[in-house]
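Scroll down for the structure; my scribbles are underneath it.
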Amino acid sequence: MIKTAIILAIIGHILCGVCDALLTYTPNGKLGVKDAKDPGKMAELFKGTPLRNSLLSMVLGTLAITLFGFGYLAMSYWMKEYSALASNFMLIASVTFLVFIVVHHVICGIVEWLFIRMDLKSESLEAALDLQKKTIVTMFVGYAALLVFVVTLFVMIVSGKTSIPAWGCVFNTAVFLIPMAATKLPAKGNIAGSLMFIGLLILI
């Protein structure tokens, strides 16, 4: 049963990575963090971008997060055999991460949808970014919860308190993200999440 949940998590992270790409890549290039400060650059980037891209990202992204949610919840349950405290930490972190990150993902989609729908005007960009700025706490809470989950998992494995060999701690989102941080790879978090669950699928 846990392996099925992990497979769903791998599929979910891959699908979520595709949804992230729908928001990041436009017909005119890749959206950069600094681009949001330049209405002219944003209008140029999003010119000709179909509204369906952001809609698909929101809908499929919600499905993707639901799918990989099974993996996080299953790992929390699996950990109960080794430590009730660690299991509870992971469970609370999982639920918090999933709830807040789906809200954040949908808001990111809404921001782009509003900008495109309102004819790429600087006023619409200002309103959309204001919405994102005032709700950015959803991202911080979501990723803080994910950090609690992966750190707990790492500590339990590296300390030899689970059935996974200590070296298996390398199959961890945080471990994969560190070397990827300096790269230009898209959807780094989802790539790292996929690799973590692929490793866990092999080792459990």
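The values are calculated or read from the model by the stated rules, or taken from the named source; none is laboratory data. Computed from a prediction, not measured in an experiment: that's the story for all the values here. Positions of Cβ are generated from backbone atoms using ideal geometry, with glycine treated the same way; all protein chains shown enter the neighbour counts.
Could you grab me the full set of residues in segment 149-177 that are part of a helix (DSSP H, G or I) and either acidic (Asp, Glu) or farther than 20 Å from Cys16 by Cβ (or both)?
Going through segment 149-177, the residues part of a helix (DSSP H, G or I) turn out to be 149-158, 166-170, 173-177.
Of everything in segment 149-177, those that are part of a helix (DSSP H, G or I) and either acidic (Asp, Glu) or farther than 20 Å from Cys16 by Cβ (or both) turn out to be Val151, Thr152, Phe154, Val155, Met156, Ile157, Val158, Ala166, Trp167, Gly168, Cys169, Val170.
How many of the residues in segment 1-48 are modelled with pLDDT of 90 or more and among the polar types (S, T, N, Q)?
Selection size over segment 1-48: 1.
Within segment 156-204, track down each residue that is exposed (fewer than 15 other Cβ atoms within 10 Å of the Cβ) and within 18 Å of Tyr72 (Cα to Cα).
Ser163, Val170, Ile202, Leu203
Would you mind finding the one in Gly32, Gly17 that is under 17 Å from Ala187 (Cβ atoms) and free of Cβ contacts under 8 Å to residues at least 60 places away in the same chain?
On the way: Gly17 fails: free of Cβ contacts under 8 Å to residues at least 60 places away in the same chain.
The conditions single out Gly32.
For segment 26-142, please list each of the helices (runs of 4 or more DSSP H) lying entirely inside it that holds at least 3 residues being touching a Lys or Arg at 6+ places or on another chain (Cβ under 9 Å) and surrounded by 14 or more Cβ atoms within 10 Å (Cβ to Cβ).
Values: elements: 39-46, 51-79, 84-117, 122-134.
Once the helices (runs of 4 or more DSSP H) in segment 26-142 are filtered for at least 3 residues that are touching a Lys or Arg at 6+ places or on another chain (Cβ under 9 Å) and surrounded by 14 or more Cβ atoms within 10 Å (Cβ to Cβ), what remains is 39-46, 84-117.
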